[in-house]
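Student: Here's a structure for you.
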Amino acid sequence: MACKLQTFNAITPQVFAGLVAKAKSATGVAITGNSGEATAQKFTLSWNYDPLSQVLEIQCLAHHAVDPDFMIESRIAKMVAAG
């Protein structure tokens, strides 16, 4: 079950660092570096962050079957919006 690729603009390096910590806390996924893929607790996230253009692309490639894609996408969007 893969979610849609989500693109977020105006993500400063400080905001990205905070999102990295939030992702680890919420899912256990350790985001390391500006791009990659990681898995923890049945969640697989893929991301690409460009600090120069301040664009973050993130996609949940796999997750618990009980959560529909739209819920995961919504949680990601809320996490990013909260900074």
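Yes or no, residue by residue, for (1) at pLDDT 90 or above; (2) within 13 Å of the chain's Cα centre (by Cα); (3) charged (D, E, K, R):
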residue	(1), (2), (3)
Gly33	yes, yes, no
Glu37	yes, yes, yes
Leu52	yes, no, no
Gln59	yes, yes, no
Val80	yes, yes, no
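Student: Within segment 29-40, which residues are out of contact with any helix residue (DSSP H, G or I) (no Cβ under 6 Å at 6 or more places or on another chain) and not in a strand (DSSP E or B)?
Tutor: Thr32, Gly33, Asn34
Student: Would you confirm whether or not segment 12-28 contains a residue that is in contact with a Leu (Cβ under 9 Å, 6 or more places away or on another chain), surrounded by 12 or more Cβ atoms within 10 Å (Cβ to Cβ) and either touching a residue at least 60 places away in the same chain (Cβ under 8 Å) or assigned to a loop (DSSP other than H, G, I, E, B) (or both)?
Tutor: Within segment 12-28, the subset in contact with a Leu (Cβ under 9 Å, 6 or more places away or on another chain) is 15-16, 19, 23, 27.
Remaining after also requiring surrounded by 12 or more Cβ atoms within 10 Å (Cβ to Cβ): 15-16, 19, 23, 27.
Going one step further and asking which of them are either touching a residue at least 60 places away in the same chain (Cβ under 8 Å) or assigned to a loop (DSSP other than H, G, I, E, B) (or both), we end up with 15, 19.
Scanning segment 12-28, I find at least one residue that is in contact with a Leu (Cβ under 9 Å, 6 or more places away or on another chain), surrounded by 12 or more Cβ atoms within 10 Å (Cβ to Cβ) and either touching a residue at least 60 places away in the same chain (Cβ under 8 Å) or assigned to a loop (DSSP other than H, G, I, E, B) (or both), so the answer is yes.
The values are calculated or read from the model by the stated rules, or taken from the named source; none is laboratory data. Because the structure is a prediction, the values reported are computed rather than measured. All Cβ positions, glycine included, derive from the backbone under ideal geometry; neighbour counts span all protein chains shown.
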